[in-house]
1. Looking only at strands (runs of 3 or more DSSP E) that fall completely inside the range B:1-63, which ones have 2 or more residues that are within 29 Å of A:PRO66 (Cα to Cα) and without any contact (Cβ under 8 Å) to a residue 60 or more places away in the chain?
2. With the structure loaded, tell me whether B:ASP10 is more than 11 Å from the chain's Cα centre (by Cα), surrounded by 20 or more Cβ atoms within 10 Å (Cβ to Cβ) and more than 10 Å from chain A (Cβ to nearest Cβ) or whether it fails that test.
3. State which residue pairs qualify: first residue at positive phi and inside the range A:13-32, second residue surrounded by fewer than 18 Cβ atoms within 10 Å (Cβ to Cβ) in any location, beta carbons under 7 Å apart, and separation of 6 or more residues or different chains.
4. Is one or more of the residues making up the range B:15-34 more than 14 Å from chain A (Cβ to nearest Cβ), within 29 Å of A:PHE49 (Cβ to Cβ), of a type outside the set (Ser, Thr, Tyr) and surrounded by fewer than 21 Cβ atoms within 10 Å (Cβ to Cβ)?
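Coordinate-derived values only; no laboratory data. Because the structure is a prediction, the values reported are computed rather than measured. Cβ coordinates were reconstructed from backbone atoms using ideal geometry, including for glycine residues, and neighbour counts include every protein chain displayed.
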Amino acid sequence: MESAGRAGEAGLPWPCGMRFSADGLGQVRRVTARWAARAGLPAGRVDDFVIAVSEIAANAVRYGSPAARLLLQVTGRATVAEVRDSGCWPRPGTEAASADGRSGGMGLALARLACDEVEIRAGTGGTTVLLRMSLLDAARPARICAGRARAPCVRLPGAAVSCPATDRTEGGVLSGLEADELAAGSRPLPCCQRRKAPP
Amino acid sequence: MISAGLGTRDYSGHVVVTLRGELDAAGAAALMAVITAAMARNPRIIADLAALEYIDCCALGVLGRVRAQARQAGGDLLLAAPHGLVQRILTLTGLTGVFSIHASVNEAARATGYSCPQQDAKVTAGEPAPGTGR
């Protein structure tokens, strides 16, 4: 399942790709953790990267398509996880209307809190989510994330929306979230989940 | 999915639900069923997370619903011994300010100030005696 691609930059881990389905999310987390540590992320940021990848991977196989693909690579000075499926998500309300009707739109919101940037590219062939974690922060301790104030989303060309997750402080975007809101999925979708309809 | 299952036991007037392994959407329904059954007996619930390595948003939602239902029934759902990625997810989401979180099952039970000696150490699902956390 896990496979190495072409060699990366000197001293950096090779790109790593794997296919996964809903019963392979644990493997996704373990592969991501190993790879991100080799890429040079400190332990706390490895954890955050793993959380982000896991939540997006779960959304991909839950709302996108039964099987999806993960590609891990270093681009520039960042670790990048690309999660690609052949479905179409997120649509406003999609997650709240999931199989158990209860999950809310929390996975994407959590990914945004956990990693530096989330970019969603949607098209007729499926949905791709890029999760970036800067390696320039490697010397810093793991950030305490979640901030009520955060950077505005950057709308990229086409159908993508990018949300730099900066200006984080303890207390969190979700700190006022009541547990029943979380459970009932009644919380509005964050701006990161809005995107233009595919052309 | 839940890689190693769930267990329940009675402890000091509470029902302790032990979550183990990795818990994501595939295991959320089983978690809901186990906790709902436990809550029917006693709405004072402690979720023992000492052996839980991961929990995703869907399963967190189950805990949130159970907490709301338990409180409506006059009880509560407390979390005991979260660590690692589970603790980090609770922090990231701000749910550390929503749930009552304790270092161990024992501390959670003490924090409620409620005990029912007749039920102490009654094991209902082949569980060992209550531990002190992770």
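1. B:14-23, B:44-55
2. yes
3. Partner pairs satisfying both residue conditions: none exist.
4. No: zero hits.
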